[in-house]
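Here is the structure we will look at, set down as structure tokens.
The values are calculated or read from the model by the stated rules, or taken from the named source; none is laboratory data. Given the structure is predicted, the values throughout are model-derived calculations rather than measurements. Reconstructed Cβ throughout: ideal geometry from the backbone, glycine too, with neighbour counts over all protein chains shown. Surface areas here come from the heavy atoms of the whole protein model, side chains and all, with no ligands, DNA or RNA. Shrake-Rupley method; radii C 1.70, N 1.55, O 1.52, S 1.80 Å.
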Amino acid sequence: QVQLVESGGGLVQPGGSLRLSCAASGITFSTYAMSWYRQAPGKEREVVASISSFGVRINYADSVKGRFTISRDNAKTSVYLQMNSLKPEDTAVYYCRADRSEDRYWGQGTQVTVSS
């Protein structure tokens, strides 16, 4: 059974930092590209960052470039999202996603709220 379990969300003040983690099981993690998505209330889910299976290719949404960093540890079958200089508009549920060819899996999401 495939599981992607996110953690690390919470309430943070503007300008603060959070580190999200996504632990994967049930897949050959090193063969999957991993991504972080987010969905704010009333908005469509959008990609935040993605990283290829061995971390060679990394991409970010323009809105988070220079503030967020995606990384992965294949030995720990985990992907991370370091979020710095957080803004109220970063408030959303954050999801991790695993992709390989036609296979796609989602985590259950973790809430990030940026508010004073």
So, for the chain, what is the accessible surface per residue at a probe of 1.4 Å, expressed in square angstrom? 54 Å²
From the gyration tensor of the Cα coordinates in the stretch 9-62, what semi-axes in whole Å does the equivalent ellipsoid have, largest first, with each one equal to sqrt(5λ)? 23, 14, 13
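Hey, any idea what % of the chain's accessible area is carbon plus sulfur with a 1.4 Å probe?
Accessible surface attributable to carbon and sulfur in the chain totals 46 percent.
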Sorted from largest down, give the three principal axis spans of the alpha carbons of the stretch 50-116, whole angstrom values. 40, 25, 22
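Counting only other residues whose beta carbon sits under 10 Å from that of Val114, what net charge do I get with K and R as +1, D and E as -1? Display every interim value, and only then the final one.
On the way: positive: Lys87; negative: Glu89, Asp90.
Value of the local net charge: -1.
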Kirkwood-based Rg over Rh for the chain (C-alpha set), two decimals? 0.95
Just add up the charged neighbours of Ile51: K/R +1, D/E -1, any other residue whose Cβ is under 9 Å from the Cβ of Ile51. +2
